[in-house]
Amino acid sequence: MGDHREPADEVRAWLVSMRGGSPFLSPADGFRLIQWLDQGVPVSAIALAIERASAARRARRARWPLGLGDASRYLKLPKVPASPVRPRRTASAVSDAIRTVDPDDPAIEGLAVRLSDLAGTAEEITRLALRAFSAFFEEKWVGLDATERSALLDAARAGYGEWLEGLAEGAQLALVEEAARDLLRSRYPALTAELVWNAMHPPEPPV
């Protein structure tokens, strides 16, 4: 078992940026994450699975907080062994993709510029980009004024409608915050694990 503190922190930050609530993993999620990391599952794959699980939960209006258990079905295990040679790359493909999706937001442009200076393996660049995305979303969430926050929470609660009835107050608050954070993230469609994954793992050219 290696030292998983840094990758575990990155996964936790990505999960929390989507779901809100406590900045910690549950014991079950913590155990599951260590198992994945021990098996060599990359942070990029886990983050992508979390993102896909979040989208699926929105479609069916899940009645429990987002966790790594939700991501399990979207994670391919075991990981295909990595090539012994991992070529270094630059993050220009990520920056270009971000600008293509969201070309007009100065905050997004600033993030794209910072990312363009990164270099490393595909996994290293992806982890750095996801770390930047997590920090960006948390900054935006914390920086909401009272009116903006109330509007997002009200819209999130309205989206659930009667679906929240019968749930404990704590569960309702957790689900509403998760949905409100999703509404906030939807304002920045370029900042997704899917975009970074596709930029760093382009399809092989036809032979």
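The values are calculated or read from the model by the stated rules, or taken from the named source; none is laboratory data. Because the structure is predicted, anything quoted here is derived from the model rather than measured. Cβ sites come from the backbone with ideal geometry, for glycine too, and all protein chains shown count toward neighbours.
Scanning region 149-207 for residues that are of a type in the set (Lys, Arg) and in contact with a Gly (Cβ under 8 Å, 6 or more places away or on another chain) gives a single hit, Arg181.
Among the residues of region 114-133, how many are of a type in the set (A, V, I, L, M) and closer than 22 Å to Ser17 by Cα?
Let us first name the residues in region 114-133 that are of a type in the set (A, V, I, L, M), namely 115, 118-119, 122, 125, 128-130, 132.
Of the ones still in play, those that are also closer than 22 Å to Ser17 by Cα are 115, 125, 128-130, 132.
Summing the residues that are of a type in the set (A, V, I, L, M) and closer than 22 Å to Ser17 by Cα in region 114-133 gives 6.
Do we have Ser134 as modelled with pLDDT of 85 or more and within 25 Å of Phe31 (Cα to Cα) here? Steps first, answer last, please.
Numbers: modelled with pLDDT of 85 or more: yes; within 25 Å of Phe31 (Cα to Cα): yes.
The answer is yes for Ser134.
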